[in-house]
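Notes to accompany the following structure.
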Amino acid sequence: MSASEEGIAGASGYAPHPYIGGRTSVLRALAAWRMRWPGAPRVIVLTGSPGSGRSRLLTGFLMLCDPRFRKQLPLDAMDPATVPPDLPAPAVPSPEGRTAAQLLGLLADHFALGAARSEDICTELAAREEPVTIVVPDVDRAGPVRAADEPARVVRDVLKPLAATTTVQLLADVPRGLAAELAAALPSGQVRIIDLDDPEWADPEGLVRHAEAALSLGPPELPFCTDPSARRALAEALAERANGNRLTLQLAVQSLVMRPEGVDPADPSMLPGSVGEALDLHARRLGSDPQTLRLMLAPLAFAEGAGLPVQLWGALADAVAERDMSRDLADGMPLAAPFLQPAEGSERDEANDGKTGKANIRKTDGATDADTADGGRTLLRLLHPGIAEEIRAGLPDIPGAQTRIAMALLDAVPQQDWSRADPYLRDHLAAHTLEAGLLPQLLTDPGLFAHADPVTMRAAIEAVPLDRLGAPARTYLRTAPLLTRSQAPAGLRAAFLESAFVEDGLAPYAEALHRLGFPLPWRTLWSVPLTGVRAVTTGALPPADADGAPAAAAPPDGTTAAAAAGAEALGDIAPGPASAAPTSRPVATFIVPEGTPGSRTVPGPDGDASESGAAGALLVHDLLRPGFVDADPARVLPPSEEARAAAPFACTPGPDTLQVWARANREVVATLVSDTPITGADLSPDGVLVVATERGVTARQILAAPAAPTVPAQRTGGADTAASDGLDGHHS
């Protein structure tokens, strides 16, 4: 349907869509797509300039596709060619604030798919007998970090594979720069680009009605708000000058309603023709410098997430402008008001389960009360992303502005204590430093790693080339999938990172986390990179064996074992003061593949090692510090059943999780989540947890104080967990 046909449709007496107010030609094309009309494309790519009305159009169309909303619309009065058939609602996964991986997860959940990768998801969808309909809105708003260019990743990793799947009927709202790339992946007959800025899809009468409706909401004392003829004349002038851009028209109306003096519809110089002109004309109408308005709004143009906390606005405005903006902000709210709106809430707001409006699928990160904002915290953001784009485009040095913003944010951290910082500082500082080109220098602070939202932190780090990242950042990046998948609170994130730093040989970073006030459930004592470990047990070497069994400096594969802490840290858990009497040596024993360097073959039932090669071999490691022990594994004594029963803690392992709980009250004191399958685990009576995974073996000292029993301890029935069965399994 062409633009001229819009007028024919309007003259036919059909009622316009009550939410959109026009767009008949586009609605007809979308309805034909929805009903799979012969000749209609299977894939439609909706695009246009910022402010062209793509989001509103798609929202209005989805109302027609949703059985719940259809009941509220005057379908009988509307053009039948714009109304799709009454079908089940399509899948509408929102990319706003999400990564491409999260968007794939939404699709997998919606269609109850077992796959996680895009190629596997598309394979399962292709195997379905009936086609599936998917609508993806607001791709330009994808990603938790703007500078990471997540929209391009969504197009490449999600939309292209979906579009190539013949059983998928796809409608996607995509930025113009990516629309051609997506369409180029398909034959011309299967895809159509609808660019709302093209004359083919113009809707001049709908834009006039949009202006009339906006003006009618203004103060009744203004003639062009109450007098129909005056309102119509001004609406026509605004629509013609805006050249089809809904955002330009909306900003013009808000400015005129705020300062109506001197409005002359016949003078086009009084009306804006673009978003930039709307900013500048409004500033001049209020007697201000347009550059001052842009500098006031610049911090909001750079804001990440749900919005900028109002208490940070002044400091960031000073940073961008490189001068004191306090007077401008104090006197300038009428100047800035038409371009602002309060945000829906913080993405770290526990009160609403950590969701950021409709865009955020992440649940609360479990942060403690100190992690959340107080009840009076207010977030602001710009009315539309197109305003932010216009303001950023007018700044001469974006990396320089972001550098100054990052420095101002760092200065706002109270005494450099991340636990007391505003959630915006913790969660989005990495995004600002990314665009400034300074992110690698920031990624050395264990406290920031633990307190920051792992979704945004991971997205920012992944945007940096791996060879520019230091060792701590690479450790964080390796651990990030575990942090995001587990949705762990800050304290547990710190615990996972503490172990990861030890595993990667970064003992000072692990120890720093213990000095930051986190109630960590454990202290990681050591970690060795061994593959193929099938089981671990704890025990002790008798005094005679312990005396002659020095610890080796390196594991059998030649790599250096990572120390969890210095001698002063180990003093908390090491045996008591030395005495003349010899003492046994706590050790851990691993079953490893036959031939592992330094290992000894497991003796067979009759002591014949040659018959037991399939059983594996044994390695003995010191329990409390790094280093293998050159000792006969047969001499290792497991804890007695009585010692295990009297131990304050027990553990319950699973495929990739493990819980340590207090025997006295059954309360869980530590939860371990592994990013690789757990192949063995044992908890010594003294509370040292040894866990083997596909990556290696790690020992952690449980730090919780033993709980006092709430009732007298009694042995009735079976033990809490089975007694040690030797080297063939894990024990509690």
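No lab work stands behind these numbers, since they all come straight from the coordinates. Note that the structure is predicted; figures quoted are calculated from it, not measured. Note that each Cβ is placed from the backbone with ideal geometry, even for glycine, and that neighbours are counted across all protein chains shown.
The figures follow:
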quantity	calculated
ARG36/LEU217 FRET efficiency (R0 41 Å; Cβ-Cβ; nearest 0.05)	0.55
Net lengthening on full extension, SER188/GLU129 (0.36 nm per residue, minus Cα-Cα)	18.8 nm
Cα shape, the range 413-520, gyration tensor, a/c 1.5 rule	rounded
Shape of the range 6-80, Cα gyration tensor, a/c cut at 1.5	rounded
R0 of 60 Å, Cβ-Cβ distance GLU200-GLN659: FRET efficiency to nearest 0.05	0.45
Packing-based ranking, highest mean first, of 433-442, 467-476 given that Cβ atoms within 10 Å are counted	433-442, 467-476
